[in-house]
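These notes are about the structure you will find just below.
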Amino acid sequence: MSIDPIKYLDLVKELQKFYPTYDIHLHPIEIFSNSDSYVQNKSNSGIFHLDSRPYISPRNDSLYKIDLSTEVDISLNTNPRIIKLLNRMAYNHSGPVVFGNHLQLAGLDKALLLPVAQEHEDLRGKMKNIAAMFKGDRRFFMATSVPNPVRNDELVSYLIEDKNRFDVIAQKIHPNITNIDTASRNGKIRIERLIQASAEVGLPVIIHTGLSFIPSIGQKRNTAIADFFDINIPKSVAVIFAHGGCFGHSAAEIESSILPKLKLVLKKHSNTYIDISGLELPALTKLIDAVDLRRIIFGSDGLYVAPAAILLKLIASIKTSGKDLEQCLIHILSKNPARHLFREAVSNNINDPQNRSNSEASEVDLKIEG
Ligand SMILES: [Zn+2]
């Protein structure tokens, strides 16, 4: 599909005037190594680096290189050396200027930063460093993530402490990295307790679903969306299945086994949602077709991928589906994340074109033909 990236991101920027736009899935530090040994740049206090290579900000013309083909290979690269190298390149720089430049390029206002706990890691030192890097920049919000040594009966107090110390607004669970086997009975119990504790403390949950390749052990792990069908999820907390269960799966697997199970899980648990982070067009088009607009939330998986790239892939998939582009973007980028994660009301915005008379609304035409 040929779409003009600049034209479509202009559409998002037009929409941004009336609706705050969100990315709920950005990792402030690289999640497999969890390296946070960043040094603050001497000439720009909002940029932090691992080594002395210069920072290059993302540019408009890079948008034309984004692969919007449906033929793209979506299987996971399983060469640990190459993965480590790519991850290191993506994360040589971090900080509010680095992430802010990506948000600006895409037309996004606010972002949720997701640290990920390794199996036995005390994450608090890293949480402190991340909070210090992004301190005072109101575009960025933090989630927490709980390592396995925290016992089930300690979860509520652990989450309360993270709320108090770091103002976290969500809990990230990454079973593949934290090594929780959601297919096992003990794994299911752990996930239930993590979600239950989050519900008690009032923190929505974002949970990785799908495959991951873990470079340190040279193995794939899977958190299958089907595992959540019989997991007890309290109604009082929003649970977002990151990647809609599709991460690392082929288009054929998504079609034949993931989507039917995802639909069952979403139907059974009415307070669950998906994010579209890190997905390529073959997966995205199927998700956009299959899942109710009110259950989809925008996340990118930056900095592994540029938020603008995922946004353009989302736009391409909506256009392929034939759904109303403007309505889809308003829900996926703004209303759904505002309601379920950021707890901000956007539906009664007096600047909302839907809430104004026709003559006024016609002055701002959000639709772009093409
Ligand atoms: Zn992620």
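None of 324, 352, 292 is farther than 21 Å from residue 228 by Cβ and modelled with pLDDT of 95 or more except 324.
Among the residues of the range 279-316, those identified as within 14 Å of the ligand (Cβ to nearest atom) and assigned to a strand (DSSP E or B) are 297, 302. Of all the residues in the range 12-68, those that are under 21 Å from the mean Cα position of the chain (by Cα), more than 16 Å from the ligand (Cβ to nearest atom) and of a type in the set (A, V, I, L, M, F, W, C) number 5. Tally up the residues in the range 172-187 that are assigned to a loop (DSSP other than H, G, I, E, B) and either of a type in the set (A, V, I, L, M) or out of contact with any His (no Cβ under 7 Å at 6 or more places or on another chain) (or both), please. Looking only at that region, the number is 6.
Screening the candidates 240, 225, 276, 214 for the property of being in contact with a helix residue (DSSP H, G or I) (Cβ under 8 Å, 6 or more places away or on another chain), modelled with pLDDT under 95 and within 16 Å of the ligand (Cβ to nearest atom) yields one hit, 214. Can you name the residue in the range 42-56 that is part of a loop (DSSP other than H, G, I, E, B) and touching a residue at least 24 places away in the same chain (Cβ under 8 Å) and, of all such residues, is farthest from residue 301 (Cα to Cα)? Restricting to residues being part of a loop (DSSP other than H, G, I, E, B) and touching a residue at least 24 places away in the same chain (Cβ under 8 Å), the top hit is 44. With respect to (1) surrounded by 21 or more Cβ atoms within 10 Å (Cβ to Cβ); (2) assigned to a helix (DSSP H, G or I); (3) touching a Lys or Arg at 6+ places or on another chain (Cβ under 8 Å), the lone exception for residue 326 is condition (1).
Let's see how each residue does on (1) on the phi > 0 side of the Ramachandran plot; (2) in a loop (DSSP other than H, G, I, E, B); (3) crowded, with 16+ Cβ neighbours inside 10 Å:
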{"site": "10", "(1), (2), (3)": "no, no, no"}
{"site": "15", "(1), (2), (3)": "no, no, yes"}
{"site": "35", "(1), (2), (3)": "no, yes, no"}
{"site": "58", "(1), (2), (3)": "no, yes, yes"}
{"site": "68", "(1), (2), (3)": "no, yes, yes"}
{"site": "75", "(1), (2), (3)": "no, yes, no"}
{"site": "81", "(1), (2), (3)": "no, no, no"}
{"site": "104", "(1), (2), (3)": "no, no, yes"}
{"site": "108", "(1), (2), (3)": "no, yes, yes"}
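Whether a residue is surrounded by 16 or more Cβ atoms within 10 Å (Cβ to Cβ), outside any loop (DSSP other than H, G, I, E, B) and at pLDDT 95 or above was assessed, and residue 30 does not pass this test.
The values are calculated or read from the model by the stated rules, or taken from the named source; none is laboratory data. Here the structure is a predicted model, which is why all the values come from computation and not from measurement. Here Cβ is always computed from backbone atoms with ideal geometry, including for glycine, and neighbour counts include all displayed protein chains.
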